[in-house]
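Below is one structure; the comments refer to it alone.
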Amino acid sequence: MSIQISHVQTPEGYLVKVSGEVDVSNAAQLRAQLDQALESDSQTVEVSLADVPYIDSTGIGVLVGTAHRAADKGAMLVVSNPQRNVERVLNLLGVGKELNVRVD
């Protein structure tokens, strides 16, 4: 499966928009984009999952790893607007708070 990833620098921080299924086949793409976001020195890196219907454990691991690296830099990762089933998985795994999940 392929994913589409776009990004934009905003006054609030760095926004990464992801669409498509995130799984082991494309998690490296997401990791690379999030690493770039952390290098921007933004205080907040927001990852919009509004257009992600599925994320596997590898994709979740990328998000958690990025959250840890962000915290080490004094920044914060925010996962915004996950679809209901993705949000449910994040909360079942107990990483919802760690990923600062926000639903607008």
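For segment 36-93, the tally of residues that are among the small types (Gly, Ala, Ser) and at positive phi stands at 1. May I ask you to verify whether ASN91 is part of a helix (DSSP H, G or I), polar (S, T, N, Q), closer than 14 Å to GLU21 by Cβ and more than 12 Å from the chain's Cα centre (by Cα)? Spelling it out, it is not the case that ASN91 is part of a helix (DSSP H, G or I), polar (S, T, N, Q), closer than 14 Å to GLU21 by Cβ and more than 12 Å from the chain's Cα centre (by Cα).
No lab work stands behind these numbers, since they all come straight from the coordinates. The model shown is predicted, which means the values in this text are computed figures rather than measured ones. So basically every Cβ, Gly included, is an ideal-geometry build from the backbone, and we count neighbours across all protein chains shown.
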